[in-house]
Amino acid sequence: MDIPPTLLQFAGSLAAILALSWLVWKLDLGGDERIRDEEHARRLADEQLHGYEPTEIAIDRSGYGAIMRDAMGRVMVLRRHGAHFAGRLLTGHATCRLDQRQLTIGTDDKRFGTVTLDLGDRAGHWAASLRRL
């Protein structure tokens with residue numbers, strides 16, 4: 001039986017796509033991960049800095065980021081980075097800008113970039129506290 005080359009190419013491409021899809025699913029890549037609640041934010045913060053235990057947490061309304069403070073006054077900001085989360089401790093070089101209910105935070109780490117959090121009524125409280133860093 002003679003199989004046309006285009007059919008073989010199609011079958012090979014389909015097999016490769018299915019194999020890659022299976023691999024992505026097995027490795028749990030992609031997805032729409034969001035911060036669900038304060039406990040989830042605590043776990044993410046501990047992943048970024050082992051032993052960091054926030055006492056005050058504000059989660060972005062969309063769940064893509066959060067800001068938190070521990071008992072020692074250290075402030076960490078979390079932001080979504082691909083399918084995972086990245087976090088940085090803020091220093092005195094951090095910048096913040098309040099625009100109604102949104103707080104935009106810049107860190108001294110240029111690779112981390114800026115983070116805009118929709119914190120609702122708590123945005124003003126966090127902006128005031130960051131100015132004292």
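Worth pointing out:
- Solvent-accessible heavy-atom area per residue, rounded to whole Å², over the chain at 1.4 Å: 66
- For the set Tyr52, Tyr64, the ranking by accessible area, highest first and with no ligand, DNA or RNA atoms included, is Tyr64, Tyr52 under a 1.4 Å probe.
- Solvent-free Debye scattering, log10 I(q)/I(0), computed from the Cα coordinates of the chain at q = 0.09, 0.16, 0.18, 0.19 Å⁻¹: -0.37, -0.78, -0.95, -1.03
- Seen against the Cα atoms of the chain and their longest principal axis, helix 38-48 is set at about 80 degrees.
- Against the chain, whose longest principal axis comes from its Cα atoms, helix 5-26 is set at around 30 degrees.
- Between Gln100 and Ala16, the contour length at 0.36 nm per residue exceeds the Cα-Cα span by 25.3 nm.
- When a 1.4 Å probe is rolled over the protein heavy atoms, the share of accessible surface on segment 45-133 that falls to carbon and sulfur comes to 47 percent.
- Rounded to the nearest 10 Å², the accessible area of Leu14 at probe 1.4 Å: 80
The values are calculated or read from the model by the stated rules, or taken from the named source; none is laboratory data. Only a predicted model underlies this, so the values are computations on that prediction, with no experimental measurement involved. The accessibility values were calculated without ligands, DNA or RNA, using every heavy atom of the protein model including side chains. Shrake-Rupley method; radii C 1.70, N 1.55, O 1.52, S 1.80 Å.
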